[in-house]
1. Once a ≥ b ≥ c are taken as the square roots of the eigenvalues of the Cα gyration tensor of the range 136-256, is the result rounded (a/c under 1.5), prolate (a/b larger than b/c) or oblate (a/b not larger than b/c)?
2. Given H placed on each backbone N at 1.01 Å, which residues far from R232 in sequence or on other chains put an amide H within less than 5 Å of it?
3. Please give me, ordered by residue number, the GluC sites (Glu not before Pro) of the range 131-217 that lie in loop per DSSP and have at most 10 other Cβ atoms within 10 Å.
4. At 7 Å along the Cα-to-beta-carbon direction for both S86 and A61, put a label point, then send me their distance in nm to one decimal.
5. Straight-line reach from K143: which lysines fall under 30 Å, measuring Cα to Cα and dropping same-chain residues less than 8 apart?
6. In sequence order, what are the phi-derived ³J(HN,Hα) couplings for the range 269-276 according to the Karplus relation 6.51 cos²θ - 1.76 cosθ + 1.60 with θ = phi - 60°, rounded to whole Hz, with x for glycine and proline?
7. Rounded to the nearest Å, what's the spacing between the alpha carbon centres of the range 168-247 and the range 252-283? Just the number, please.
8. For F215, F255, what ranking results if the residue with the fewest other Cβ atoms within 10 Å of its Cβ goes first?
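Every read-out reported here was derived from the displayed coordinates using simple, explicitly stated rules and does not represent laboratory data. The structure displayed is predicted, hence computed values, not measured ones. Cβ placement follows ideal geometry from the backbone for every residue including glycine, while neighbour counts extend to all protein chains displayed.
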Amino acid sequence: MASIRSFSTASVSSGTSPGVGSVRSSEGCIAMSTRSGIYAANLNSRYRKELMKAAEKTCNALAQEAEHAFSIPRSRRPTQWRYLVSAHGLSLYQYGNETAAPPQPLIPHGHHVRPSSKTVPRVVALGSIHSTLNELIDLLGPKSGNSTALLNPDLEEDELVDTLADRGSVYTAIKCLRMGGSWNEHMRRQREFLVLESHRMIQTPEGRNGWLIVFHSASWPSCPPPPGHLVRGSMYRSGLLAMESEYFPDRLDLFLATKLDLKGSSTMHVHEMIARDRTVMMAKQVIDAIEQRAAARISIANTVVFEDIQRRVTSDKCDTCFDRIGFVPPGTEPYACRKCCATVCGSCSEIWQRGNKGIRLCMECWADVTLSNT
């Protein structure tokens, strides 16, 4: 992987648009919209600028971490990297445990912060996926509204606190996340995360493009504490970097990372288990969503139009080579193109593959789709 230190990113002035969107309030609890409004009310222009600087540092740190990870051959992984499992075509590793630091830090001058003594694991996943960069940006870009949920598998509620930058390939926002699901099996109180969500388009000196999404805990002096029924955890440089493959135009090199400090009395075992499972689920959700969107964009199978055409097709010859087809002698199995509904034989059709999903297409449609996805 080329040097990510040379990646070009745009700098954007901070905005001043605190937002409160739709919410799903829980019984007996303060609605998340109320909490996010309180958090936004305690932000001033100075804190927004400092948070933008913290977001830039976090993006650069994750990009350099991914560069380092991809530059090391698999056979020479450092001994501090403990191999965990392979899932969805990606290899998961756990770094040597690090001491958790306070969130990036808007601490008043002269104010002493006692660092955490808890060590928390960092889990990363490396590999490649069958997708183009445009497909991934369509799925996970800030305009899609999917990134927060797909990259936080245990998300129960999320709320926009403030948009700091939203211009082209640069997006940074403060969001309040509440995690649920399987976490409740291990902890008595739910976890809230107040994070910076940053999106960046990056580019190598060789011209390969990539998309970076990172979540990192935010804090500022006047930020109020969470309600009593929640514990505020910390999230460190967690997210995704997808880079165009150097060798295959229809593949992306993918780097995923998870590091959480759940606070409270959570044990090291719980931290390790949640970080590992969360990274696996993150990979599964992203890859499944890419495959489903790619298939839905091409295939009209299982639609009313396709079923209607299938009922009316009575041809016993291939629409391409005009050989006889059917289940009676000579026994050539008929197929229907999932894009144009042409009746074809096996020799005149091909399966277009996107990850684990395959779609039967006639040769003409297969050539068009293959060309448009390279």
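1. In terms of gyration-tensor shape, prolate.
2. Hits under the 5 Å cutoff: E192.
3. none
4. In this crude label model, S86 to A61 measures out at 3.2 nm.
5. K49, K53, K57, K175, K259, K284, K339, K357
6. 4, 5, 4, 5, 5, 5, 4, 5
7. 12
8. Working: F215 27, F255 24.
In increasing order of surrounding Cβ atoms, one gets F255, F215.
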